[in-house]
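**Student:** Please see the structure below; I have some questions.
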Amino acid sequence: MPSKPIALILGIGLSVGAILGPQSAGAANLYVSNLTANTVSQVAANGTVTAFASGFSAPRGLAFDALGNLYVANSSSSTVSKVTPGGVVSTFATVGGQPAGLVFDTAGNLYVTTNTGNTIAKITSGGTVTTFASGLSHPQGLTIDTSGNLYVGNDFNNTISKVTPGGVVSTLVASGINTPDGLAFDSGGTLYSSSFSGSSIFTVATGTGTVTPFATSGVSLNHPFGVAFDGSGDLMVANYSSSSILMVAPGGVVTTFASGGGLSGVYGVAYAVPEPSSCALLGLGTLLVLVGCRWRRRGLLKA
């Protein structure tokens, strides 16, 4: 998929490392679906919440494409919406079975879990929908590794499935996580899962399926759904029952990152940030300009 060039102008006093390093990604906006308000909010790096788009139908999972467009799973209308960077909403595809989790592969295909259909749908960039995998158990959470394997949280039987690029389904985690509704990889390749009914977060070793409690101190989790990593390695968690966003530091300490401002029944969380390796630095007097950047889906593109 072609890249979308953008330009970011930054004042002096920022080092090249500060601009291109992990802190750059950490300063990006977080996008949050509000299941009970039918909206999507934008949360700045300082925790300030603003409205981004509205008119959804019980929105759940979120995912960005390579051009910075946001895709939203509407569970009540069984559709997927596309939202431009300017906030213009349109219907991208109709997917039966209450779509929940969303994730893109590096070829630009969108994968969708269907909660009541017990399948994963595949949607091409042109909007063509096909069934990619079946035999799941009310799947919700969805993520992808750098080899193109999908990982799926099965809400009803409390398991996590692995699905190969060829659509072959196997069980990675057979027990230990109740309702694994949110999944995300960190930069080191460790899988993290929220437990909605258990109000907890776990790490999962993808080689063995070993489950370990992660968020163990600080602010209490309260029915967490979606999870996403920022560029500094902090895990952002949609804390559904408290309508807040929690931040879990790499050491497992939980703090409140954002609340209020329209957050209501928060479900999905996603980042879209410039891809540092695709940017050129131009010095213009007292300004630095980043040009030729393209958008990156956090954790999906290989280094």
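**Student:** How much length, in nm to one decimal, is gained on full extension between Ser125 and Thr36, taken as 0.36 nm per residue of separation minus their Cα-Cα distance? Before the final figure, lay out the partial values.
**Tutor:** Details: separation 89, 0.36 × 89 = 32.04 nm, distance 2.87 nm.
Contour length minus the Cα-Cα distance gives 29.2 nm.
**Student:** Moving on to the next point. Give the dimensionless ratio obtained when the Cα radius of gyration of region 135-282 is divided by 2.2 N^0.38 Å.
**Tutor:** Numbers: Rg = 15.4 Å, N = 148, 2.2 N^0.38 = 14.7 Å.
Here the Cα radius of gyration is 1.05 times the empirical estimate.
**Student:** Here's a follow-up. Hey, with R₀ at 41 Å, roughly what FRET efficiency would Thr146 and Ser175 work out to, going by the Cβ-Cβ distance, to 0.05? Intermediate values should be presented prior to the final figure.
**Tutor:** Values: r = 27 Å, r/R0 = 0.65.
Step by step, r from the Cβ atoms, then E = 0.95.
**Student:** On average, how much area does the Cα convex hull of region 81-195 cover when viewed from any direction, in nm²? Spell out each step's value before the answer.
**Tutor:** Working: hull surface 29.5 nm².
Value for region 81-195: 7.4 nm².
**Student:** Note down the nm distance, to one decimal, between modelled labels 7 Å out along Cα→Cβ at Ala51 and at Thr212.
**Tutor:** In this crude spin-label approximation the distance works out to 4.4 nm.
**Student:** Could you tell me the distance between the Cα centroids of region 114-166 and region 68-97, to the nearest Å?
**Tutor:** For region 114-166 versus region 68-97, the Cα centre distance is 17 Å.
**Student:** Another one. Determine ³J(HN,Hα), in whole Hz, for all residues of region 258-265 in sequence, where each value follows from phi through the Karplus function 6.51 cos²θ - 1.76 cosθ + 1.60 and θ = phi - 60°; x replaces Gly and Pro.
**Tutor:** 7, 7, x, x, x, 5, 7, x
**Student:** Just how much of Phe257 is accessible, in Å², when a 1.4 Å probe is used and the result is rounded to the nearest 10?
**Tutor:** Phe257 has an accessible surface of roughly 40 Å² with all protein chains in place.
**Student:** What FRET efficiency comes out for the pair Ser264/Thr164, r = Cβ-Cβ distance, R0 = 45 Å, nearest 0.05? Don't skip to the answer; put the middle values down first.
**Tutor:** Details: r = 37 Å, r/R0 = 0.83.
Approximately 0.75, to the nearest 0.05.
**Student:** Expressed as a fraction of 2.2 N^0.38 Å, the rule-of-thumb size for a compact globular protein of N residues, what is the C-alpha radius of gyration of region 156-210? Please report the intermediate quantities before stating the final value.
**Tutor:** Values: Rg = 11.0 Å, N = 55, 2.2 N^0.38 = 10.1 Å.
For region 156-210, the normalised Cα radius of gyration is 1.09.
The values are calculated or read from the model by the stated rules, or taken from the named source; none is laboratory data. Because the structure is a prediction, the values reported are computed rather than measured. In this analysis, Cβ positions are derived from the backbone assuming ideal geometry, glycine residues included, and neighbour counts consider all displayed protein chains. Surface areas here come from the heavy atoms of the whole protein model, side chains and all, with no ligands, DNA or RNA. Shrake-Rupley method; radii C 1.70, N 1.55, O 1.52, S 1.80 Å.
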